[in-house]
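All remarks here apply to the structure that follows.
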Amino acid sequence: MSFKRLDAEDFVVSSDAITSTLWSTDSPTLTEFYTSSVQQAGTSGDFYLSVYQTASTETNALVQFDIAYADAGGSGSTAYNSAVPANTPSKSIYGQYRALILEDENANFYFGTGTNVITGSNFWVLSVERARYKELLFPGSLNLTLSGSAGTIQLTDNSNDVSVNTFLGSSRVYQLVSGSNGSAVTGGGYVANFGSYGLVFPELGTILLNPYAISQSIEVTADRTVGLANGTNNTTLFTAINKGASFKLNSQETITSDYVFVRARNSEFNYTENPTFISGSTGEIIYTQFINNPQTYITTVGMYNDSNELLAVAKLSRPLVKDFTKEALVRVKLDF
């Protein structure tokens, strides 16, 4: 074993954005949607509805995303306590996302831009399972088809139509519009007098849907009845997604790599410390040809800190022969 101190120029840092399929089916488009009656009837079912890529009873069933309904006034769900009728799961969901996104308990959501804006006093939430989207939802890959009694509509983010990023609180946001692959249809993809179809937050893995715009387009309507059975509105949106049978979305993550260049010059790493090359009785080299013409094979590169602690190990695909007539350059890639 031989050691060599690395210099600053031996290190290079590189970052690459990697795009991959989001759904656990390994397909960019999810076409089948399933729910769990156990989850729906349980305590969590009052707040959200989990959607799977296959029947929840299957061993490979995994949650792909959750559907929730939020209402600033608490309508569209049943109160926790009849003595406090406005305190409901839908109001809790609204407060949760207001705190998460707007970072202000007195702020409001708005769907749309310019002169076509509507206050988002209620909305549906699509929350992608954290393990699915890795670092963020890949802008421009969203294509969600919804189907209702008045027809079908395809929704996407408007990431290709904007040149400057917009933020709500500290979260980047895009408008959810009628269109495909990050581009709105001619006319902007909004609904007249009802703003956009919602908001998309790539880093949060969250999509908010505007019920008024959706109702105007395909007559899928959120029920704001006071005391409505919990989960009713979640099921309404799930039915529209299930009938649309197409939810395309990819994930993106930045992989940061450290490249370490380990150089073995012609005069270095030519002698071995293998004890079988030395006589145990006399301490002399057994094979005299290795005195002036040694030859070794490099198989492993270890990374040590100043305390002589091994931090990382790189294995070569095959042994690399080394003698006084050869120099070697080994590039070690560390991903994190």
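None of the figures in this text is laboratory data; all of them are computed from the coordinates on show. The structure displayed is predicted, hence computed values, not measured ones. Cβ: placed from backbone, ideal geometry, glycine included. Neighbour counts: every protein chain shown.
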Using r as the Cβ-Cβ distance of THR166 and ALA314, and R0 as 51 Å, what FRET efficiency do you calculate, to the nearest 0.05?
0.70
Trypsin sites (Lys or Arg not before Pro), loop per DSSP, at most 14 other Cβ atoms within 10 Å - longest free stretch of the chain
6-264
ALA8-THR54 pseudo-label distance in nm [points 7 Å out on the Cα-to-Cβ vector]:
5.4 nm
Rounded to the nearest 20 debye, dipole of region 211-307 from Cβ charges on Lys, Arg, Asp, Glu:
480 debye
Centroid-to-centroid separation of region 130-148 and region 249-315 [C-alpha atoms, Å]
46 Å
Label point 7 Å beyond Cα of ILE18 along Cβ direction - residues of region 308-334 with amide nitrogen under 14 Å:
333-334
Region 116-261 - convex hull of the alpha-carbon atoms, volume per residue in Å³
147 Å³
Hey, got the Cα dimensions of region 282-336 along the principal axes, in Å, largest first?
46, 25, 16
Let's test the formula: R0 of 30 Å, r as the Cβ-Cβ distance of ASP323 and ASP258. What FRET efficiency results, to the nearest 0.05?
0.50
Determine, from the Cβ-Cβ distance of SER279 and ARG331 and an R0 of 56 Å, the FRET efficiency 1/(1 + (r/R0)^6), rounded to the nearest 0.05.
0.90
As an exercise, take the mean of 1/r over every pair of distinct alpha carbons in region 1-122, invert it, and state the Kirkwood radius in angstroms.
18.9 Å
How big is region 238-336 by Rg and Dmax over its Cα atoms, in Å?
24.6, 86
Net charge dipole size for the chain [Lys, Arg +1 and Asp, Glu -1 on Cβ; Debye, nearest 20]
380 debye
Using the Kirkwood radius over C-alpha pairs as Rh, can you work out the diffusion coefficient of region 103-192 via Stokes-Einstein at 10 °C, viscosity 1.306 mPa s, in µm² per second?
109 µm²/s
Relative contact order for region 108-242: what is it in percent, counting Cα pairs under 8 Å that are at least 6 residues apart?
28 percent
Sequence-separation-based contact order of the chain, relative, with Cα cut under 8 Å and 6+ spacing, percent
20 percent
Please state the relative contact order of region 106-163 as a whole percent: Cα pairs under 8 Å, 6+ residues apart?
19 percent
Computed Rg/Rh for region 162-210 (Cα atoms; Rh = Kirkwood radius) stands at 0.96
